[in-house]
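Worksheet: one structure, shown below.
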Amino acid sequence: MNWNQMQALVPAPGQAPDHARCLEAFPVLEQAKTTPQEPRYHGEGDVWTHTCMVVDALLQSADYLAATPQERGVLFFAALLHDVAKHRTTVVDPVTGRIGQPGHSRKGAVDARILLWEAGAPFALREAVCRLIAVHQVPFYCLEDARRPVSPAWTVHELSWQLDIRLLAALAEADMRGRICADQARVLDSIELFRELAREEGCYGAPKAFADAHTRLSYFRGADVHPDYPLFQTPGSKVTLMCGLPASGKDSWVREQRQGLPVVSYDDAREALGLKHGENDGKAAHHATDMAKALLREARPFVWNATHLSRQMRSKALDLCYAYGAEVQIVYLEQPRDELLRRNGKRDTTLSNKALLGMLHRWELPVPSEAHEVRYEVEGAAA
């Protein structure tokens, strides 16, 4: 089913969802019918039963009725796919029999991204859906979990730079109403307190205001700064950190937009060392990192050109840049699936299309809180 057909699944206010058509659009959800859940939190049973209850609860909510058509699309697909990864993350404790699905939110965001990308969903809508799925349970415990290393206020500040907290709260409420559990009322109260905190902090439906980009980045990286007062920025390198799947156009973009700047590249490092793709990646990474350190020490501007697909991989490069006081702009590039594979098939590379698609399980897009600036260079969606 393509995107034109999928968007017709989004119910208008007062309209009932077509669950059969939803399964036709996303066949992977058939596995939800046989995926068990911990009865303590899900007395309703399997994941598909829960998903249907969540969608129904969402459609009856005041948030959905008041939403714009685009917001309704985001909320509907987020509710439909919020537990899409539970079938592949389910573990059963051999001693107690307790059922868990660790990491299902983060992995579900990646799964949803792939499904919607393959269907041709608009970039902005797709990413709004995926960002909601990645953190859809945070409002459950944000104000109560003493083990969290950051304050609830910090959490809503950061989330506000990733998504619309109004929509996150609406999804969390539907998730909780769409289940049978003993602590439902308590968690619904927690979600409402989460809403109130976001309102008090001035980020309910808008990003938290900061004095400037450097203050914002420093705050999100743990510096003891106040959002309203600018933090002095020590002059350092201006780094353009590229991000995107292979064959998405990063090399061409760098040649056209950053002509004349030094380029740190794992591919170039492999070539310099005589390595094939996937051969001794650690040696190639070490070679590239040494070059980056030399440029950072000299406070020279440069481009770090790599896929940087996962947040974990980006963090290694970003941590190094920020340790030297660099100002970083992340540039993310993307192509439609067919165009990406066509381009990769024409390249002189040892990376096959099959291997390229195998990289999708690590496909986590950068979010605005990761750098001084994040640009999304996607056709019709540049920002």
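Set side by side, the residues R255, R342 differ, and just one is under 22 Å from R362 (Cα atoms), of a type in the set (K, R) and assigned to a helix (DSSP H, G or I), which is R342. Determine if the range 186-196 includes at least one residue that is assigned by TED's automatic domain parsing to the domain that holds S369, in a helix (DSSP H, G or I) and of a type outside the set (D, E). Within the range 186-196 (the criterion being assigned by TED's automatic domain parsing to the domain that holds S369, in a helix (DSSP H, G or I) and of a type outside the set (D, E)), the answer is no, since none of the residues qualifies. Go through the range 77-115 residue by residue and tally those that are surrounded by fewer than 23 Cβ atoms within 10 Å (Cβ to Cβ), in contact (Cβ under 8 Å) with a residue 60 or more places away in the chain and of a type in the set (A, V, I, L, M, F, W, C). Total satisfying the criteria: 4.
Quick one: would you say R221 is surrounded by fewer than 20 Cβ atoms within 10 Å (Cβ to Cβ), outside the structural domain of E334 (by TED's automatic domain parsing) and touching a helix residue (DSSP H, G or I) at 6+ places or on another chain (Cβ under 8 Å)? Yes; evaluated as a whole, the condition is true for this residue. Test I133 against the stated conditions and say whether it is touching a His at 6+ places or on another chain (Cβ under 8 Å) and either outside the structural domain of L81 (by TED's automatic domain parsing) or assigned to a loop (DSSP other than H, G, I, E, B) (or both). Criteria not met by I133. Scanning the range 122-138 for residues that are crowded, with 22+ Cβ neighbours inside 10 Å, aliphatic (A, V, I, L, M) and touching a residue at least 60 places away in the same chain (Cβ under 8 Å) yields a count of 0.
If you check A294, A284, which single one turns out to be in a helix (DSSP H, G or I) and closer than 25 Å to L360 by Cα?
A284
Per this entry, R314 is counted among residues that are touching a residue at least 24 places away in the same chain (Cβ under 8 Å), outside the structural domain of A121 (by TED's automatic domain parsing), surrounded by 14 or more Cβ atoms within 10 Å (Cβ to Cβ) and touching a Cys at 6+ places or on another chain (Cβ under 8 Å).
If I filter the range 234-243 for residues that are over 27 Å from P207 (Cβ atoms) and not in a helix (DSSP H, G or I), do I get at least one hit? Checking the range 234-243: not a single residue is over 27 Å from P207 (Cβ atoms) and not in a helix (DSSP H, G or I).
The values are calculated or read from the model by the stated rules, or taken from the named source; none is laboratory data. None of these values were measured; they are calculated from a predicted model. No Cβ is skipped: glycine too gets one built from the backbone with ideal geometry, and neighbour counts run over all protein chains shown.
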